[in-house]
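S.K.: This is the structure I want to talk about, given as structure tokens.
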Number of protein chains: 2
Amino acid sequence: MSELYERCWLRYDKNEAYQENESLFATIVIKGASPVFRAAAVELEIGITSMFGIRPQIVPHAEQSGFIWLGTLEDEEVNGSFLRKKEEELIRSEGYVIRSLVKNGRLCVYIAGKTDKGVLYAVFHFLRLLQMKENIERLSIVEHPKNELRMINHWDNMDGSIERGYAGRSIFFESGQFIKKRQRMKDYARLLASVGINAVSINNVNVHETETKLITEKFLPDVAEVAGIFRAYGIKTFLSINYASPIEIGGLSTADPLDPSVQQWWKKTVAQIYSYIPDFGGFVVKADSEFRPGPFTYGRNHADGANMLAEALEPFGGIVIWRCFVYNCQQDWRDRTIDRAKAAYDHFKPLNGQFHSNVILQIKNGPMDFQVREPVSPLFGAMPKTNQLLEVQITQEYTGQQKHLCFLVPQWKEVLEFDTYAKGKGSEVKKVIDGSLFGYLYSGMTGVSNIGDDPNWTGHTLAQANLYGFGRLAWAPDLSAEEIAKEWIVQTFGDDPQVVEQISRMLLDSWRIYENYTAPLGVGWMVNPGHHYGPNVDGYEYSHWGTYHYADRDGIGVDRTIATGTGYTAQYFPENAAMYESLDTCPDELLLFFHHVPYTYHLKSGETVIQHIYNSHFDGVEQAKQLKKRWEQLKGKIDEKRYMDVLERLTIQIEHAKEWRDVINTYFYRKSGIDDQYGRTIYK
Amino acid sequence: MSELYERCWLRYDKNEAYQENESLFATIVIKGASPVFRAAAVELEIGITSMFGIRPQIVPHAEQSGFIWLGTLEDEEVNGSFLRKKEEELIRSEGYVIRSLVKNGRLCVYIAGKTDKGVLYAVFHFLRLLQMKENIERLSIVEHPKNELRMINHWDNMDGSIERGYAGRSIFFESGQFIKKRQRMKDYARLLASVGINAVSINNVNVHETETKLITEKFLPDVAEVAGIFRAYGIKTFLSINYASPIEIGGLSTADPLDPSVQQWWKKTVAQIYSYIPDFGGFVVKADSEFRPGPFTYGRNHADGANMLAEALEPFGGIVIWRCFVYNCQQDWRDRTIDRAKAAYDHFKPLNGQFHSNVILQIKNGPMDFQVREPVSPLFGAMPKTNQLLEVQITQEYTGQQKHLCFLVPQWKEVLEFDTYAKGKGSEVKKVIDGSLFGYLYSGMTGVSNIGDDPNWTGHTLAQANLYGFGRLAWAPDLSAEEIAKEWIVQTFGDDPQVVEQISRMLLDSWRIYENYTAPLGVGWMVNPGHHYGPNVDGYEYSHWGTYHYADRDGIGVDRTIATGTGYTAQYFPENAAMYESLDTCPDELLLFFHHVPYTYHLKSGETVIQHIYNSHFDGVEQAKQLKKRWEQLKGKIDEKRYMDVLERLTIQIEHAKEWRDVINTYFYRKSGIDDQYGRTIYK
């Protein structure tokens, strides 16, 4: 990559772990020529040259032993020799095998993909093993991704801004145009491919005037170029579209999905897109949500709306990714009968089975909006006949905006491991979205990007771990947060045990620390409206967004029970419904999401709610200080630039954590009048 | 004026009140030729033609009786004949005489100014009398303005936006340039002159990059053209400047006011401005305030900062208007030792007498920032040796943003009539700012404009009354709010008694109504941060802006007493300090500005604080409904367009008043737990 920005986890630092097998790296045997194959070979060459100071020979056949072999499983050199039939059947088109063999006393490594994409992923896998200094003498890896769709959503606008971006400007757009220099996009594609991402949508789901024209000839040549860059790394390009396009750019008087002229317009438009981009992925659609147009305008439902687009895309193999983030954002806070948390389920569950097979519903992990703590959306598992895609937010909109350290993999793990009980015990979300529970045709996992044109890509250097972790989890949801953290640290900062130990602890503790000093016990939303940074307990309390905590002088929380509340708990399968419905079984960390309780209510931890608020907020700040102390122990073990960058953010985090602590504590002290039992400073 | 926008109070509607004296309007005798004189004559001609359907003859001498005579008091036709010597001495350069005389059985009216500006003001005065159908047969008017400087501050940016503007875009600027079409500026100058405004600053006090260049040759030709338009209506043009100009456009490394190169740069710059605009008014300066640069950067005080500019302007007769809106806007809410209300006094009072004679300190009416209710700034009267100018806000930033009706003249009247006791009883603010109390060389009153390019100029049609009223009060502070309201209504909507009665009541009640349903008892600031519209009780409570109410479960208010609080009351002269210091004498409407009291504290009205909050908020909404009912009684008596425009705003006002009522009531119910004693609906 350029000197202008960081290489993240593709650093390929000098590596002395394989001196006994150096001959391995002298020769690469290449058995393919597609662009993806070429990208794989080039990556391997770059990695080896950088790590071992050896520039490998690229040859079509091995003349002697000691080489790395790149090819597909169909190649006669390996065909039939590597795998049992059963294993081979398991490997999907993106899967691969990596096998070490000693021939004539020299180590050879065979990297064989089912297709060229498999080869690419295998190369990155092998390079990761090398960066982590794993033993490569007895490799026998058979691997393929669990989720078929592993996607990144960009919320980039063509003026170069990024909605909810905290790492600079867009790497795709500036001043209403595509950025001419494409190198950064290429390096971004490498980063994504290295963790197995295979789909990307490049523009904001809120599609404004200029971006509406991305599907026209004005911009399609540029889109095609960008798609070409991604294609070489096995990544399909998608666009977010404006549902009102037939009106806004088509000159029609309607965008009614049942109107033949509208259907015709989309078919023509889609055909044109595919004339530029033969493997175009499809559309991402935010419709009838937060003032975006959609089928509701015409009295149609979401299935009508999505299927119309699906029919246009179907002949080309394209898909529609239809977002379920639909709710009444003009709610009257005085009306307690409405519960925003119920909206997605209420809108979509009745449409189960009505969507075409090339439509996927994209569902946010929780029923609200990417809060630091939410229950899992009850929509997962509730639509056995409709494809589902899990959406998480890599960009830290509500989790510290890349000023605060917040490693989100543990949160995502909890979501993936959550048992929906859709088909009885063992119906975890991960099995819904990998398609195995209901046999979905399309499914997977998408994440909202956290990158921008900052030199370190993600604002906070340690936030790179979230992008890395998202890709790895989407590929292999059974990986643990610990494993992912370690992989990322070693590749990014090296394998010094203290570095690995301290940064691991920092990453793995960080989500809980952030939760400790922000909104308590799952209630969420105590942020400044609009930009969503910093504490504001009543910031959303009297707003139209459907986001309330109902704190009064006696207690706090949202009663979402069937018995006395909004009835939201009924949207879960009975096991979970019962768990959340009862105060006895509702987990502490979600208590205020489901129940309104007095400040003096005793948690399962034994603390009262008010004392928990005080304790967690005092603790959270101390823990934030601890993050900085851990980092300071690494001075000298990390290059000065990255060391100072991170140190600066950790310092800011402490100050802002204090602000959170004091605002929250003062707010609840003023409201409850209850003193901290340990007599710590609460400003009156 | 154009058909594209309203004529406001210069409608000159058809008028049948003077049929007996029609010959009067057939002839205008003109005794002068300056641009201002010409503007006066043209205005009179327009008014007469429009009202009476007569196109008057303009002649240099009267051939026969029955005419309107326009000239100066020096003219031999009137010199010595009109006034006693003593009266004449009283008339300043902007004063005038209007006298009716019957000659040969025909009515003649002599309009005689001290100078051509006096003629212009006298013509507008006479036209006002005609529009109001006053008896003109025995006129004997001797008039001059009380305040020397009667100014409008525009907060217009060159991109066309207006900071705190609620009536469309700028009429001066768009897309970083001056608007080419100048007609609207000319009609605006007419409106201002008609109420006696004689100074205008055309750009925002927050001077950004483009606006910094207004004082360079890039824009001075345009400024000069605009100044020419205003000059013809007796109005001097001022510019807001960026204190860091020597660095930003001068290429110097400092803006230190004591640095000779900086002084030299400003002298050169000022000379250049005057080469374009010989009667340029001077500079408006916001320095060391809300992130604006200023002398503090260089360890200098405000007197150093202002005097340097004053020296540059002095040779040309220009002045420096130096704003006193200086405070720590990065305050820590946890630190109770700081009180923003004290800032202006603390900064400026010690500099009494240190400013040059052509510097005026511009002081906001209250110590905070244009809240619906504040005490008068203690700085008024506290600097006998330094010129002072009162700043009020015509644009309704905190008073409903021209969606709500809020006639501000009653508020300004209270400020003007407030007795500072600076020189004992009878030291009202109006006597400070008209210069009489301390013999100031320069002084007066300025208002932040509420106009934009909306067809009705002010967004809310009835908000025109605030612009009108500001000008009239600046000219004649002793006018009552009732008189001003009546003048404006008759000129704007005609003299139907029901129209006058209903709109008068609407205007005169509106400030109190708005106060009733917003922040209670002078505490202020319960608005959404940033845009400042709509209720948000804690919106500024934990911010860095120094704006707090300290509400907890027991009580509310800011203790600013000497005895137990911030000591702010000590900034007043003893009579006022004692009044505010004591709970017994502090007026109810400012109680929470000065004292922190329990919700159960009894006001002088007999109500408890909490019950007052509930009562005023329930009442406020009913009163807002009443405003609409009054207006509806005027259907058919007002043209449909203006009727519907106002009706629409009054409807919005009711809805938004309900939102205010419910948010405030719920907030305080949740906090206090005290029920409304009348059992009205408070959302829990």
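The values are calculated or read from the model by the stated rules, or taken from the named source; none is laboratory data. From a predicted model like this one, the values you see are computed outputs, not experimental measurements. Heads up, the Cβs are rebuilt from the backbone with ideal geometry, glycines too, and the neighbour counts pull from every protein chain shown. Ligands, DNA and RNA are excluded from the accessible area calculation, which covers all protein heavy atoms including side chains. Shrake-Rupley method; radii C 1.70, N 1.55, O 1.52, S 1.80 Å.
S.K.: Is there a residue being away from chain B (no Cβ under 14 Å), open to solvent by less than 40 Å² (accessible area, probe 1.4 Å) and not in a loop (DSSP other than H, G, I, E, B) anywhere in region A:322-331?
M.R.: yes
S.K.: Then there's this: How many residues are farther than 11 Å from residue A:380 by Cβ, acidic (Asp, Glu), crowded, with 19+ Cβ neighbours inside 10 Å and in contact with a helix residue (DSSP H, G or I) (Cβ under 8 Å, 6 or more places away or on another chain) when one looks only at region A:410-452?
M.R.: The total comes to 0.
S.K.: Quickly run through region A:16-46 and pick out the residues that are within 18 Å of residue A:107 (Cβ to Cβ) and in contact with a Lys or Arg (Cβ under 7 Å, 6 or more places away or on another chain).
M.R.: Within region A:16-46, A:17, A:23 meet the criteria.
S.K.: Output the residues belonging to region A:163-180 that are in contact (Cβ under 8 Å) with a residue 40 or more places away in the chain and open to solvent by less than 30 Å² (accessible area, probe 1.4 Å).
M.R.: A:165, A:167, A:170, A:171, A:172, A:178
S.K.: Which residues, counting only those in region B:519-543, are away from every other protein chain (no Cβ under 14 Å) and of a type in the set (Val, Ile, Thr)?
M.R.: Correct list: B:523 only.
Yes/no per residue for (1) closer than 27 Å to residue A:406 by Cα; (2) among the β-branched types (Val, Ile, Thr); (3) not assigned by the TED database to the domain that holds residue A:342:
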site	(1), (2), (3)
A:523	yes, yes, yes
A:529	yes, no, yes
A:542	no, no, yes
A:571	no, no, yes
A:602	no, no, yes
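Conditions (1) part of a loop (DSSP other than H, G, I, E, B); (2) under 24 Å from the mean Cα position of the chain (by Cα), marked per residue:
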position: A:506; (1), (2): no, yes
position: A:513; (1), (2): no, yes
position: A:523; (1), (2): yes, yes
position: A:542; (1), (2): yes, no
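S.K.: Give region B:164-223 a look and list any residue that's under 19 Å from the mean Cα position of the chain (by Cα) and among the small types (Gly, Ala, Ser), or say none.
M.R.: B:165, B:167, B:168, B:170, B:189, B:193, B:194, B:196, B:199, B:201
S.K.: Further question: Within the set of pairs 6+ apart or on separate chains, which have a first residue in region B:338-354 that is open to solvent by less than 20 Å² (accessible area, probe 1.4 Å), a second that is in a helix (DSSP H, G or I) and among the hydrophobic types (A, V, I, L, M, F, W, C), and C-beta atoms under 7 Å apart?
M.R.: Between residues of region B:338-354 that are open to solvent by less than 20 Å² (accessible area, probe 1.4 Å) and residues that are in a helix (DSSP H, G or I) and among the hydrophobic types (A, V, I, L, M, F, W, C), the close pairs are B:351/B:303.
S.K.: Within region A:258-291, track down each residue that is of a type in the set (Ser, Thr, Tyr) and open to solvent by 40 Å² or more (accessible area, probe 1.4 Å).
M.R.: Selection gives A:261, A:275, A:276.
S.K.: While we're looking at this one, here's another question. So if I check each of A:20, A:45, which one is open to solvent by 70 Å² or more (accessible area, probe 1.4 Å) and not in a loop (DSSP other than H, G, I, E, B)?
M.R.: Among A:20, A:45, only A:20 is open to solvent by 70 Å² or more (accessible area, probe 1.4 Å) and not in a loop (DSSP other than H, G, I, E, B).
S.K.: Please work out which one of (1) of a type outside the set (Phe, Trp, Tyr); (2) open to solvent by 40 Å² or more (accessible area, probe 1.4 Å); (3) away from chain A (no Cβ under 14 Å) is the condition residue B:598 fails and give its number.
M.R.: (3)
S.K.: For residue A:71, all conditions in the list (1) more than 23 Å from residue A:9 (Cα to Cα); (2) buried (at least 21 other Cβ atoms within 10 Å of the Cβ); (3) under 26 Å from the mean Cα position of the chain (by Cα) hold save one; what is the number of the exception?
M.R.: (3)
S.K.: Tell me, which residue of region B:258-298 that is modelled with pLDDT of 95 or more and among the small types (Gly, Ala, Ser) is farthest from residue B:442 (Cα to Cα)?
M.R.: By that ranking, first place goes to B:261.
S.K.: Just one of (1) within 14 Å of chain A (Cβ to nearest Cβ); (2) assigned to a helix (DSSP H, G or I) trips up residue B:683, so point out which.
M.R.: Every condition holds for residue B:683 apart from (2).
S.K.: Determine whether region A:85-96 contains at least one residue that is under 18 Å from residue A:59 (Cβ atoms) and not basic (Lys, Arg).
M.R.: Within region A:85-96 (the criterion being under 18 Å from residue A:59 (Cβ atoms) and not basic (Lys, Arg)), the answer is no, since none of the residues qualifies.
S.K.: Taking the residues in region A:224-249 that are assigned to a loop (DSSP other than H, G, I, E, B) and of a type in the set (Val, Ile, Thr) as candidates, determine which candidate is farthest from the chain's Cα centre (by Cα).
M.R.: Here the answer is A:249.
S.K.: Of the residues B:294, B:305, only one is more than 14 Å from chain A (Cβ to nearest Cβ), surrounded by 17 or more Cβ atoms within 10 Å (Cβ to Cβ) and in contact with a His (Cβ under 9 Å, 6 or more places away or on another chain); which?
M.R.: One residue alone meets the criteria, B:294.
S.K.: Separate question: Output the residue which, of all residues in region B:544-572 that are of a type in the set (Ser, Thr, Tyr) and away from chain A (no Cβ under 12 Å), is farthest from residue B:344 (Cα to Cα).
M.R.: Only one residue tops the list, namely B:564.
S.K.: Going through region B:87-102 one residue at a time, which ones are under 26 Å from the mean Cα position of the chain (by Cα) and in a strand (DSSP E or B)?
M.R.: Passing the criteria: only B:96.
S.K.: Next question. Checking residue B:108 against (1) more than 21 Å from the chain's Cα centre (by Cα); (2) closer than 30 Å to residue B:428 by Cβ; (3) among the hydrophobic types (A, V, I, L, M, F, W, C), which test does it fail?
M.R.: Answer for residue B:108: the failing condition is (2).
S.K.: Being free of Cβ contacts under 8 Å to residues at least 40 places away in the same chain, polar (S, T, N, Q) and either buried (at least 19 other Cβ atoms within 10 Å of the Cβ) or within 9 Å of chain B (Cβ to nearest Cβ) (or both) is the filter here; which residues of region A:649-680 pass it?
M.R.: A:666
S.K.: Looking at the structure I just gave you, is residue A:88 over 14 Å from residue A:112 (Cα atoms) and either surrounded by 14 or more Cβ atoms within 10 Å (Cβ to Cβ) or at pLDDT below 85 (or both)?
M.R.: no
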